[in-house]
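Comments concern the structure below.
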Amino acid sequence: MGKVAVMPHTLFISDLHLSATHPLSSERFLYFAEHIARQTEALYILGDLFEYWAGDDDLDDPFHRSITGTLRKLSEQGIKICLMHGNRDFLMAEKLAHACNATLLHDPTMLDLYGTPTLISHGDALCTDDEAYQAFRRQVRSPAWQQQFLAQPLAQRKKQIEQLRQQSEQEKRLKQISIMDVNIDSVSAILRDHGYPRLIHGHTHRPARHLHHLDGHNCERWVLGDWDTRANALRCDNSGTRWEIIPD
């Protein structure tokens, strides 16, 4: 019996939050890489691949090597791998990309997906109601801050990141849930600026399909889910878009 032909398609995932202390998410990722991703043309990871990333000098960590090695193996099978920064791993740089044999993308990035203009983003820049987070985002994305931070020893950086994460979790408990979601005016603005494309993003951990009626255009917005709760991927091909569920 001949091999079953698979329709050319592209997969999108985000918010995996992989770490050695979260084995279930890692197991899901390895299953996804072995049984689902190997059939795709391209895999786009739209931020927060890792629980956190302290800098590319942490590549020798055995857990990190296992993840980058898995992505490189997919690349060696002819699959295009693209990485986008998230709010947890914005310090990913070229050494990491090289280890994965991947391309680092700007946020946002426009794609032509089987004839459909598609804008991809991590999504945190759209959460403009959370003014405190946006101020923090501007600070840590600045080259001056990153240069100063990366000049510190790796162990010290990890300790600071853990303190920031604990502080962030405490602050989240005091915020209204709606504040941490995307701002619809910000979504409308980015859709207008890019010619009313389909939009795919993560960050909010609220997987769903939204339809925006904007200036006479109908724009799909697909929100990717996080892998802490239930792993999923978004599949795009000539026939449209649908979810790929990764079993536990």
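Brief remarks on what is shown
- Rounded Å value of the spacing that divides the Cα centres of region 6-69 and region 113-156: 19 Å
- Here's the list of lysines a cross-link from K73 could span, going by alpha-carbon distance under 21 Å and ignoring same-chain residues fewer than 8 apart: K95.
- Computed lengthening from D248 to A20, 0.36 nm per intervening residue step minus Cα-Cα distance: 80.3 nm
- Restricting the calculation to Cα atoms, every distinct pair contributes to the Kirkwood radius of the chain, found to be 18.8 Å.
- With all protein chains in place and a 1.4 Å probe, the accessible surface of region 196-248 carries 44 percent carbon and sulfur.
- Against the criterion of solvent-accessible heavy-atom surface with a 1.4 angstrom probe, F12, F90 sort, most first, into F90, F12.
- Region 206-248: C-alpha gyration tensor shape, a/c 1.5 cut-off, then a/b vs b/c: oblate
- Positive contributions from Lys and Arg (+1) and negative ones from Asp and Glu (-1), summed over other residues with Cβ under 10 Å from the Cβ of P153, come out at +2.
The values are calculated or read from the model by the stated rules, or taken from the named source; none is laboratory data. This is a predicted model, so every value here is computed, not measured. Please note: Cβ atoms are built from the backbone with ideal geometry, for glycine as well, and neighbour counts cover all protein chains shown. The protein model used for the area step is the full one, side chains on, heavy atoms only, and it has no ligands, DNA or RNA in it. Shrake-Rupley method; radii C 1.70, N 1.55, O 1.52, S 1.80 Å.
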